[in-house]
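Each remark here refers to the structure printed beneath this line.
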Amino acid sequence: MRPIPHIPERRSPLAAIGAAVILLFGLLLVPGCAATGKSHPLGGPGPTRPVWVVAPGWHSGLVVRRADLPDDLFPESADFPKATYLEVGWGDREYYRARDPGLWLALRAALVPGPSVLHVAGFRESPAAYFAPGEVRRIDLPEPAFRDLAAYLHRSIHRSGKARASPLGPGLYGDSRFYEAEGRFHLFNNCNAWTARGLRAAGLPAVPALAVTAGTLRGQARHWGRVEPASAR
């Protein structure tokens, strides 16, 4: 049986309150966050590489084809030699790794900035099939934009001066692992903001401050790419 990816029922009891607070805070930041550092127009001539935005529950992540990653970026992909695709997500170290997180961990993750982890899962099915019935959006990026995204994923792992990070331990489902990550998780810097920053790094006009929940992230991403049906290959 195919492993179940993200588990929607792990949503924090604070999510509704947190969403309202983040939205209010984010509205104050929009004027300073509207522009991206680079511009890579979609749909132009030249080769492209796909990235998938997955948000099956409260959590979101980015999926890339393992073979598309440049040789000099994200060397941890070698830990998944049988994978066709890699899904990458970011979150609070203790809450994300807990098999049964409770209210206390949710409170601490939201209110006390803490260390983060990157969760990387390798799989061979199409992203749309693997994450069904959740919405999976494919965005075809120009090659320079995809390299910028790959560089963002590369920078998200904390390597302590080493060329390649060692896993902290097994991940949540299937062939997956946790890695120590850069950045500190808190209510205003959550997994959905991390995903939005990845899209922004690729030149898309995403606004991380308004990526309050997976739903608001999907609302921004609907302007780019297309939703793939579960039958997509």
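See the values below:
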{"read-out": "Single residue of region 200-218 satisfying the filter (under 11 Å from E135 (Cβ atoms) and of a type in the set (G, A, S)) that is surrounded by the most Cβ atoms within 10 Å (Cβ to Cβ)", "value": "A214"}
{"read-out": "Count of region 191-227 residues which are touching a Pro at 6+ places or on another chain (Cβ under 7 Å) and either in a loop (DSSP other than H, G, I, E, B) or in contact (Cβ under 8 Å) with a residue 40 or more places away in the chain (or both)", "value": "2"}
{"read-out": "Among the residues listed as A150, A165, A132, the single one being among the aliphatic types (A, V, I, L, M), surrounded by 16 or more Cβ atoms within 10 Å (Cβ to Cβ), within 22 Å of P47 (Cβ to Cβ) and in contact (Cβ under 8 Å) with a residue 60 or more places away in the chain", "value": "A150"}
{"read-out": "Residue list for region 179-190, restricted to those being assigned to a strand (DSSP E or B) and surrounded by 20 or more Cβ atoms within 10 Å (Cβ to Cβ)", "value": "Y179, A181, F185"}
{"read-out": "Verdict on L24 being in a helix (DSSP H, G or I), at pLDDT below 50, in contact with a helix residue (DSSP H, G or I) (Cβ under 7 Å, 6 or more places away or on another chain) and surrounded by fewer than 18 Cβ atoms within 10 Å (Cβ to Cβ)", "value": "no"}
{"read-out": "Among residues of region 58-108, those that are part of a loop (DSSP other than H, G, I, E, B), at pLDDT below 95 and surrounded by 15 or more Cβ atoms within 10 Å (Cβ to Cβ), counted", "value": "5"}
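The values are calculated or read from the model by the stated rules, or taken from the named source; none is laboratory data. Quick caveat: nothing in here was measured; it's all calculated off a predicted structure. Cβ: placed from backbone, ideal geometry, glycine included. Neighbour counts: every protein chain shown.
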